[in-house]
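Only one structure is covered here, and it is reproduced in the block below.
The values are calculated or read from the model by the stated rules, or taken from the named source; none is laboratory data. Quick caveat, the model's predicted, so the values are computed rather than measured. Every residue, glycine as well, gets a Cβ built from its backbone with ideal geometry; the counts of neighbours run over all protein chains shown.
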Amino acid sequence: MQRGGIIGAGQWGQNLVRVFNQLISGSVYSVCDIDEVCLNYIKKLYPGVKTTFNYREILEDPAISFVCIATPANTHYEIAKMSLASNKPVLVEKPLALKVSQAEELVGLALKKKLTLMVGHIFEYNKAINKLKNYIEENVLGDIFYLRSIRCNLGPYRQDVSAMWDLAPHDISIFLYLLNSIPRKVRAVGRSFFKSSLEDVAFITLDFPNNIMGSIQVSWLDPRKIREVTVVGSKKMVVFDDLSLVEPIRLYDKGIERGKTYETFGEFQMVLRDGDVTIPKIEMSEPLKAECEHFLDCIRKGRKPLSDGEEGLKVVKVLAAVEKSMKEGGIPVEVE
């Protein structure tokens, strides 16, 4: 039986323990955290799970066949590198690393060791986002004009990374997944209102191939919690609301049609089309469960994960370009 070690027992690490044990009873063998309160919580819920303050004990344990990393983002590279060096397949939460060179090293190490390296880009396992991707691939929306994402809330503030590094990986991974391409250039501005070195608000513009534009707004300083993605096409438009459990997808038969023929400028007209709103039925399921199940399946069958290290590297490359643009006052920066 596959047995895992979970490194990081905060809120998300606790979710990982719960889901893996739902998939395979007893699949979580050991959990590590530096917070005794978190470990005591794990012990109370899962008496049979070992706990430790030292993640190296997990890496050195031959009984553990895979590792999940749910620690602060600035520790991902070091722990993932040591896990792969210990011949453990790895599922690491976003972002894969905070530097392109580090992400490249992890991808190269996983390839050399022939180990599964998967990044927790959880929205790629969300059935509503999958539906949105189907709309694009089946040309339901027509030519894609632009994508817009808003991810805002009042907190929670992180101590290790900015709001851009904390929140934008979700939206960048969604855009790359939907369009199956990486932006050529990015422009971004951000402000730090409470911490001099960590921006809590950022506005990002991405230039994709085929003249597709992307826009991302992230903030820890907003009065409302918003988790929304809009895709505008030449035929139809669609909105994904992650906070709506009943109807997360709304398909709008709206658009603008140019008059087919005209002889003078006065006869030129834009015709607004305002049709029906369709709410497709989305089967409710937990994306994290699908993600973890996919990870285990990839380990068993030697398959390439949907959100593998290469995909994680692409997201880090975009994030690095966004950070550079922010630091240089919003100038356009090419993505590596």
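Give the residue that is farthest from residue 117 (Cα to Cα), with candidates limited to residues of the stretch 23-65 that are part of a helix (DSSP H, G or I) and of a type in the set (Ser, Thr, Tyr). Lay out the reasoning, then the answer.
Of all residues in the stretch 23-65, those part of a helix (DSSP H, G or I) come to 23, 36-45, 55-59.
Retained after the next criterion (residues that are of a type in the set (Ser, Thr, Tyr)): 41, 55.
Numbers: 41: 28, 55: 18 Å.
Of everything passing the filter in the stretch 23-65, 41 is farthest from residue 117 (Cα to Cα).
Within the stretch 78-96, how many residues turn out to be surrounded by fewer than 21 Cβ atoms within 10 Å (Cβ to Cβ) and in a helix (DSSP H, G or I)? Walk me through it before giving the result.
Quick first cut of the stretch 78-96, residues surrounded by fewer than 21 Cβ atoms within 10 Å (Cβ to Cβ) only: 78, 81-82, 85-87.
With the extra rule that they be in a helix (DSSP H, G or I), the set shrinks to 78, 81-82, 85.
Final tally of qualifying residues: 4.
For the stretch 10-51, which residues satisfy the criterion of being within 21 Å of residue 75 (Cβ to Cβ) and in contact (Cβ under 8 Å) with a residue 60 or more places away in the chain?
10, 12, 15, 16, 20 - these are the residues of the stretch 10-51 that are within 21 Å of residue 75 (Cβ to Cβ) and in contact (Cβ under 8 Å) with a residue 60 or more places away in the chain.
For every residue, the table says whether it meets (1) farther than 19 Å from residue 72 by Cα; (2) out of contact with any Lys or Arg (no Cβ under 8 Å at 6 or more places or on another chain); (3) in a strand (DSSP E or B).
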residue	(1), (2), (3)
101	no, yes, no
107	yes, yes, no
110	yes, yes, no
118	no, yes, yes
128	yes, yes, no
133	yes, yes, no
136	yes, yes, no
142	yes, no, no
146	yes, yes, yes
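Do we have residue 231 as surrounded by 22 or more Cβ atoms within 10 Å (Cβ to Cβ), closer than 23 Å to residue 119 by Cα and not polar (S, T, N, Q) here?
Details: surrounded by 22 or more Cβ atoms within 10 Å (Cβ to Cβ): yes; closer than 23 Å to residue 119 by Cα: no; not polar (S, T, N, Q): yes.
In short, no.
Looking at 246, 231, 218, can you tell me which residue is outside any helix (DSSP H, G or I) and out of contact with any strand residue (DSSP E or B) (no Cβ under 9 Å at 6 or more places or on another chain)?
Values: 231 fails: out of contact with any strand residue (DSSP E or B) (no Cβ under 9 Å at 6 or more places or on another chain); 218 fails: out of contact with any strand residue (DSSP E or B) (no Cβ under 9 Å at 6 or more places or on another chain).
It is 246.
Only one of these is surrounded by 22 or more Cβ atoms within 10 Å (Cβ to Cβ), modelled with pLDDT of 95 or more, on the phi < 0 side of the Ramachandran plot and out of contact with any Lys or Arg (no Cβ under 8 Å at 6 or more places or on another chain): 172, 204. Name it. Outline the logic, then answer.
Working: 204 fails: out of contact with any Lys or Arg (no Cβ under 8 Å at 6 or more places or on another chain).
Result: 172 is the single residue among 172, 204 that is surrounded by 22 or more Cβ atoms within 10 Å (Cβ to Cβ), modelled with pLDDT of 95 or more, on the phi < 0 side of the Ramachandran plot and out of contact with any Lys or Arg (no Cβ under 8 Å at 6 or more places or on another chain).
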